[in-house]
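A.B. asks: The structure follows.
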Amino acid sequence: MQMAQTLERSLNRAHCQYELVEHSESATSLESARKAGIPAAHMAKSVILDDRRGHYLMAVLPANRQLDLNKVHKGPQRWQLSGEQALAKLFKDCQRGAVPALGELYGLDMLIDPTLVGLQDIYLEAGDHESLVHMPVDDFFKLVPNAEICALCA
């Protein structure tokens with residue numbers, strides 16, 4: 001189990017309460033939730049978008065929902081799903097496809113679906129394919145104070 005260093009430093013610096021939850025290797029956030037035995041609606045998945053001109057955006061929504069790109073309105077840009085190469089450059093301390101849903105820690109603007117706001121606790125990828133961070137939702141939002149709340153799900 002290897003938590004991303006950026007994530008670990010930020011959690012500790014902000015004095016967040018959290019625990020690591022181990023699970024067998026998984027390829028998606030939805031699969032991580034299933035293997036960890038947690039509700040998929042409490043698993044925050046990140047979707048990285050770009051505008052083809054070097055600007056990136058993280059959309060965060062429950063693992064059991066799909067992103068509706070037509071609902072992503074952040075500036076005048078038209079957003080598309082980012083490629084794997086961009087993710088490797090942006091999240092150097094994470095395994096490919098295991099990006100923590102805390103984009104502000106990596107310098108990204110964030111949009112968060114309101115279905116995550118009312119939760120008591122939240123789970124997110126820890127930067128590898130075998131562990132999750134479980135934390136109170138209040139601590140999650142303490143780490144992303146500039147995130148915009150808007151409907152993102154299809």
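A.B. asks: Scanning region 64-84 for residues that are of a type in the set (D, E, K, R), under 20 Å from SER29 (Cα atoms) and at pLDDT 90 or above, which turns out surrounded by the most Cβ atoms within 10 Å (Cβ to Cβ)? Walk me through it before giving the result.
C.D. replies: Step one: filter region 64-84 for residues of a type in the set (D, E, K, R), giving 65, 68, 71, 74, 78, 84.
Next, only the ones that are under 20 Å from SER29 (Cα atoms) stay: 65, 68, 84.
If we keep only those that are at pLDDT 90 or above too, we end up with 65, 68.
Details: ARG65: 17, ASP68: 14.
Only one residue tops the list, namely ARG65.
A.B. asks: Criterion first (surrounded by 12 or more Cβ atoms within 10 Å (Cβ to Cβ), in a loop (DSSP other than H, G, I, E, B) and under 13 Å from the mean Cα position of the chain (by Cα)) does VAL99 satisfy it?
C.D. replies: Details: surrounded by 12 or more Cβ atoms within 10 Å (Cβ to Cβ): yes; in a loop (DSSP other than H, G, I, E, B): yes; under 13 Å from the mean Cα position of the chain (by Cα): yes.
Criteria met by VAL99.
A.B. asks: Shifting gears a bit: Does LEU152 qualify as being within 14 Å of the chain's Cα centre (by Cα) and in contact (Cβ under 8 Å) with a residue 24 or more places away in the chain?
C.D. replies: On the way: within 14 Å of the chain's Cα centre (by Cα): yes; in contact (Cβ under 8 Å) with a residue 24 or more places away in the chain: yes.
Yes.
A.B. asks: Can I ask one more? With ASP128, ASP68, ASP109 as the choices, which residue is more than 27 Å from ARG13 (Cα to Cα), among the acidic types (Asp, Glu) and out of contact with any His (no Cβ under 8 Å at 6 or more places or on another chain)? Talk me through it step by step, then tell me what you get.
C.D. replies: Details: ASP128 fails: more than 27 Å from ARG13 (Cα to Cα); ASP109 fails: more than 27 Å from ARG13 (Cα to Cα).
Answer to the selection: ASP68.
A.B. asks: How about region 119-141: which of its residues are outside any loop (DSSP other than H, G, I, E, B), of a type in the set (A, V, I, L, M, F, W, C) and crowded, with 16+ Cβ neighbours inside 10 Å? Please lay out each step first, then the result.
C.D. replies: Just the residues of region 119-141 that are outside any loop (DSSP other than H, G, I, E, B), to begin with: 121-125, 131-141.
Applying the additional criterion that residues be of a type in the set (A, V, I, L, M, F, W, C) yields 122, 124, 132-133, 135, 137, 140-141.
Hits for region 119-141 are ILE122, LEU124, LEU132, VAL133, MET135, VAL137, PHE140.
A.B. asks: In the list SER32, SER26, which residue meets the criterion of being among the hydroxyl-bearing types (Ser, Thr, Tyr), assigned to a loop (DSSP other than H, G, I, E, B) and crowded, with 17+ Cβ neighbours inside 10 Å? Give the steps one after another, and end with the answer.
C.D. replies: Working: SER32 fails: assigned to a loop (DSSP other than H, G, I, E, B).
Among SER32, SER26, only SER26 is among the hydroxyl-bearing types (Ser, Thr, Tyr), assigned to a loop (DSSP other than H, G, I, E, B) and crowded, with 17+ Cβ neighbours inside 10 Å.
A.B. asks: Scan (1) of a type in the set (A, V, I, L, M, F, W, C); (2) surrounded by fewer than 19 Cβ atoms within 10 Å (Cβ to Cβ); (3) assigned to a helix (DSSP H, G or I) for the single condition LEU20 breaks and write down its number.
C.D. replies: LEU20 satisfies every listed condition except (3).
A.B. asks: From LEU61, LEU87, LEU116, grab the single residue that is surrounded by 15 or more Cβ atoms within 10 Å (Cβ to Cβ), within 14 Å of the chain's Cα centre (by Cα), over 21 Å from ALA4 (Cα atoms) and not hydroxyl-bearing (Ser, Thr, Tyr).
C.D. replies: On the way: LEU61 fails: over 21 Å from ALA4 (Cα atoms); LEU87 fails: over 21 Å from ALA4 (Cα atoms).
Exactly one of LEU61, LEU87, LEU116 is surrounded by 15 or more Cβ atoms within 10 Å (Cβ to Cβ), within 14 Å of the chain's Cα centre (by Cα), over 21 Å from ALA4 (Cα atoms) and not hydroxyl-bearing (Ser, Thr, Tyr), namely LEU116.
The values are calculated or read from the model by the stated rules, or taken from the named source; none is laboratory data. These figures come from a predicted structure and were not determined experimentally. Here the Cβ is made from the backbone with ideal geometry for all residues, glycine too, and neighbour counts use every protein chain on show.
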